[in-house]
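Comments concern the structure below.
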Amino acid sequence: MKTSAKRGHRSRIALVNAVPVTLFLLVLFVYPIVGVLSLSLEGDTGGFTLHWYTDALSGVNLSVLISTLRISAETAVLSLLVGFGLAHAIARMRPVFAALAMLIVVVPHFISALVRTYGWIIMLGEHGLINTLLTSVDAPGAPYSLLYNETGVVIGTTSVMLPYTVLILQGVMRGVDRRLLAAAAGFGAGRLTIFRRVYLPLVAPGVGTAGLLSFILCLGYYITPALMGGDKQTVVAALIDQQVMKQDQWNSAAAFGVILLLLTFAGLGVLGLAKLRRTKAHARRSSS
C-alpha cells in the first residue's frame, strides 16, 4: 500500500513538473506551426484554398524546390565522405590528440556564419587563394568559376555541416569494439572485407543520422546559399525571404514552410523505419 501511494505521489509530481515544459512547447512550437499551416490554407478572400501549394509545386517555384533538395543531398553526401575519413582518423588517435583535433574541427563553427561565408567568398573568388594556387600549377581550365553557382553553395554548406557530421561519426566510431576487427583479421579477413562486413555495419546508424541531419539542416539554411549562390542559385529559404520581405506573400511563404516541415518529418520517418528494421533484424539473429 505504501509503495503504491509513493508511486502515485511521484506520478503526480512528475505531471506537475511536466506542465511548464508542455506549455512551453505548445506556445513556442505547436502554436506557430498551426498558425503557419492555417496561413498556408487561407485564400486571398479568407476562405480555404490549396492554391499556395499548387503554386509552390509548379513552375519556377518547383525548380527552386528541386534545386534545394539536390543541394541538400549533395551537401549531405559530401559531408559524409569528408567527415567519415576525418572522424575515422580522429577515432584512432590517442585521447589527447583526438580532443585537440575535435577542437580544431569545432572551434571554427563558433565563428559567425556570416564571417565564415565571406571568408569562403574571398577564397573561392576568381583571384582568391584556391584559383591562384590552381593557376600557379597550370591546372587545365583555371581559374574556375566557384562562386554564385551550385558548386559554391555546396562548398559553403558542406563547411557548415561538416562539424555536425564529424561529431556524430566520431562518437559512434569511438564506441566500436576493436576486438571485433581483430577477431575478423584473425580469421583471415582482409582490410576491405573487415571494413565492409564488420566496421561499416557497426557505424551505419551514425552514418545515417549524420547524413540525415546534414540534409535537414541544409533544407532551410539561408545565409550561405544567399551569399554564395547569388541571384542565379536560389534556394527555398531565400525564396521565402523574398516572398515575405519584398512581395508580401505570407501565404505562399507559409506553404513553402509547411512543405519543408513535411520533408523533415519524412526524413525522420525514414530514419525511424531503418532503425526499427535494424532492431528487428538484431532480435531475429539473437533468437536464432
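The values are calculated or read from the model by the stated rules, or taken from the named source; none is laboratory data. As the structure is a computational prediction, the values presented were derived from the model and not from experiment. Counting neighbours? That spans all protein chains shown, and the Cβs are built from the backbone with ideal geometry, glycine included. All accessible areas refer to the heavy atoms of the entire protein, side chains included, with ligands and DNA or RNA removed. Shrake-Rupley method; radii C 1.70, N 1.55, O 1.52, S 1.80 Å.
Listing for the model above:
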quantity: Among the residues listed as Tyr148, Tyr144, the single one being more than 16 Å from the chain's Cα centre (by Cα) and at positive phi; calculated: Tyr148
quantity: Filtered residue count, the range 116-144, keeping only those that are free of Cβ contacts under 8 Å to residues at least 40 places away in the same chain and open to solvent by 90 Å² or more (accessible area, probe 1.4 Å); calculated: 8
quantity: Helices (runs of 4 or more DSSP H) contained entirely in the range 184-288, each with at least 2 residues that are hydrophobic (A, V, I, L, M, F, W, C), more than 30 Å from Ser58 (Cα to Cα) and without any contact (Cβ under 8 Å) to a residue 40 or more places away in the chain; calculated: 191-194, 200-219, 250-287
quantity: Lone qualifier among Leu41, Leu28 - being at pLDDT 80 or above and open to solvent by 100 Å² or more (accessible area, probe 1.4 Å); calculated: Leu28
quantity: Pick from the range 151-176, criterion more than 21 Å from the chain's Cα centre (by Cα) and touching a residue at least 24 places away in the same chain (Cβ under 8 Å), ranking: surrounded by the most Cβ atoms within 10 Å (Cβ to Cβ); calculated: Val176
quantity: The range 216-249 - residue that is among the small types (Gly, Ala, Ser) and crowded, with 18+ Cβ neighbours inside 10 Å and, of those, farthest from Leu162 (Cα to Cα); calculated: Ala238
quantity: Yes/no for Val105 being hydrophobic (A, V, I, L, M, F, W, C) and at pLDDT 90 or above; calculated: no
quantity: Residue match in the range 59-77 (condition: surrounded by fewer than 16 Cβ atoms within 10 Å (Cβ to Cβ), more than 22 Å from the chain's Cα centre (by Cα) and not basic (Lys, Arg)); calculated: yes
quantity: Among residues of the range 180-193, those that are over 32 Å from the mean Cα position of the chain (by Cα), open to solvent by 60 Å² or more (accessible area, probe 1.4 Å) and either modelled with pLDDT of 90 or more or not hydrophobic (A, V, I, L, M, F, W, C) (or both), counted; calculated: 2
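Residue-wise test of (1) modelled with pLDDT of 90 or more; (2) more than 22 Å from Glu74 (Cβ to Cβ).
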residue	(1), (2)
His109	no, no
Pro163	yes, no
Arg178	no, yes
Cys218	yes, no
